[in-house]
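The values are calculated or read from the model by the stated rules, or taken from the named source; none is laboratory data. Keep in mind it's a predicted model, so treat the numbers as computed, not measured. Counting neighbours? That spans all protein chains shown, and the Cβs are built from the backbone with ideal geometry, glycine included. Ligands, DNA and RNA are excluded from the accessible area calculation, which covers all protein heavy atoms including side chains. Shrake-Rupley method; radii C 1.70, N 1.55, O 1.52, S 1.80 Å.
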Amino acid sequence: MPPVELVLKSGTAAILLLTGLLLLRDRRHMTTGPFGGLLALSVAATAVLSVTGARSPWLWPVMLVAMGTPALLWIWAGAQFVDDFRPSWRDAAAWALLPILGIVGICQWRPWMATAEDLIGLSFVLLTAWRVLAGLRDDLVERRRRLRPVLVGLAVLYAGGVLLMNMLGRGQPLDPTSRTVEASILAALAVAFAMVGLRAARPIFEPSPIETRPPAPEDAPSSGAAVDTQEEALLARLRQLMEDEKIYRQEGFGLNLLVAALGVPEYRLRRLINQRLGHRNFSSFVNGYRLAEAMAALADPGQADVPILTIALDSGFQSIGPFNRAFKAHTGMTPTAYRKQAESRNDGPIQGIGQRSAETGET
């Protein structure tokens with residue numbers, strides 16, 4: 001291996017190793033928990049193998065760690081960009097899939113296994129890109145929204161690039177110049193990932209606190225008084241549209257429609273819902289109102305004979321499936337169970353968390 005390539009690959013491994021240890025150290029203060037650090041260590045293992053190879057038995061554990069990188073990238077994206085993400089046994093199984101295949105390969109190698117490993121890994125990389133881009137439009141945390149393509153672009157480019165090079169270059173060794181260029185690109189990506197990843201470890205993705213400005217003294221003029229007045233007027237109009245006019249019932253309702261109804265730039269509406277009402281994504285904001293209306297209807301004795309599907313559609317949901325999932329996630333019970341519980345009580349409708357969400361902006 002040429003000295004320049006050796007230095008670049010060794011530096012890449014060292015940078016990622018240090019990044020992983022720092023992220024793991026601060027895991028309790030991060031929205032991603034330990035997954036950012038584990039991802040960096042996993043990619044560091046890949047860099048180590050590019051320097052040393054995996055022929056020695058003592059490097060097999062490093063190889064197994066490196067093989068889990070694509071699945072870990074997918075899990076990390078969920079922890080970073082999916083609100084209320086909770087890791088499950090399915091995530092653990094996905095993470096273990098490629099290492100298990102690697103163990104089988106060590107014990108009894110088959111030619112098709114390398115191709116299968118690369119295809120599975122590439123599938124996880126594509127799923128990562130889909131997971132992040134699917135929530136881009138709905139994201140109300142502006143700094144997180146801007147960093148979505150940056151963070152994922154770096155991670156996907158790094159992991160996907162390694163996988164594609166493995167698939168296309170297997171059996172066709174690269175010339176020294178090409179290997180040096182490859183090592184330079186990966187080193188640059190590692191530095192960028194470390195810088196952005198460590199920056200993302202800070203609490204910039206946390207929801208902006210609801211603004212609670214103390215009243216200014218009467219004798220102290222405020223330069224932002226006009227802006228505050230405009231914002232309060234916009235907030236009042238937003239509440240009128242949602243609470244009184246129930247604009248969320250309209251077919252095809254979304255952020256664009258609400259922006260048009262308010263006549264303001266989209267970024268202002270995003271900032272208002274995030275900073276003043278405390279929502280991290282647009283769906284949670286809208287579903288707070290829809291679920292509050294549905295819960296009130298299900299608890300209303302006068303609507304006991306109204307089908308649940310009708311209530312769901314009247315509340316703005318497009319079909320029964322999303323309604324059932326959102327309702328159970330919000331209340332912990334199905335709409336049918338909620339209605340039966342309400343009917344068994346004689347002291348009136350249940351005061352559900354969905355109704356409080358619509359009033360306070362909590363989810």
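The rows are residues; the columns are (1) at pLDDT below 75; (2) open to solvent by less than 60 Å² (accessible area, probe 1.4 Å); (3) assigned to a helix (DSSP H, G or I); (4) touching a helix residue (DSSP H, G or I) at 6+ places or on another chain (Cβ under 6 Å).
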position	(1), (2), (3), (4)
F124	no, yes, yes, yes
L127	no, no, yes, yes
V132	no, yes, yes, yes
R137	no, no, no, no
R143	no, no, yes, yes
R148	no, yes, yes, yes
L154	yes, yes, yes, yes
A159	yes, yes, yes, yes
L164	yes, no, yes, no
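Within the stretch 89-113, residues that are without any contact (Cβ under 8 Å) to a residue 40 or more places away in the chain reach partners that are exposed (fewer than 13 other Cβ atoms within 10 Å of the Cβ) with beta carbons closer than 8 Å, at six or more positions or on different chains, in the pairs M113/V104. Cβ separations smaller than 8 Å between residues 6+ apart or across chains give the following pairs from the stretch 240-254 residues that are closer than 16 Å to S283 by Cα and assigned to a helix (DSSP H, G or I) to residues that are basic (K, R) and modelled with pLDDT of 90 or more: Y248/R290.
Within the stretch 50-60, the set of residues being part of a helix (DSSP H, G or I) and either at pLDDT 80 or above or open to solvent by 60 Å² or more (accessible area, probe 1.4 Å) (or both) comprises T52, P57, W58, W60. Might you check whether a residue that is within 22 Å of F327 (Cβ to Cβ), modelled with pLDDT under 90, open to solvent by less than 50 Å² (accessible area, probe 1.4 Å) and assigned to a helix (DSSP H, G or I) occurs anywhere in the stretch 284-291? Yes, the stretch 284-291 contains a residue that is within 22 Å of F327 (Cβ to Cβ), modelled with pLDDT under 90, open to solvent by less than 50 Å² (accessible area, probe 1.4 Å) and assigned to a helix (DSSP H, G or I).
For the stretch 9-44, which residues satisfy the criterion of being open to solvent by 40 Å² or more (accessible area, probe 1.4 Å), of a type in the set (V, I, T) and part of a helix (DSSP H, G or I)? Matches in the stretch 9-44: I15 only.
The residues on offer are A93, A47, and the sole one that is in a helix (DSSP H, G or I), among the hydrophobic types (A, V, I, L, M, F, W, C) and either closer than 30 Å to F285 by Cβ or over 25 Å from the mean Cα position of the chain (by Cα) (or both) is A47.
In this entry, W109 is excluded by the filter for residues that are in a helix (DSSP H, G or I) and open to solvent by 50 Å² or more (accessible area, probe 1.4 Å).
Of all the listed residues (A261, A329, A236), the sole one being in a helix (DSSP H, G or I) and either under 21 Å from the mean Cα position of the chain (by Cα) or among the aromatic types (F, W, Y) (or both) is A329.
For beta carbons closer than 8 Å, sequence separation of 6+ or different chains, a first residue in the stretch 333-346 that is of a type in the set (V, I, T) and a second that is open to solvent by 90 Å² or more (accessible area, probe 1.4 Å) and modelled with pLDDT of 90 or more, the qualifying pairs are T334/K328.
The set of residues in the stretch 320-346 being open to solvent by 50 Å² or more (accessible area, probe 1.4 Å) and of a type in the set (G, A, S) consists of A329, G332, S344.
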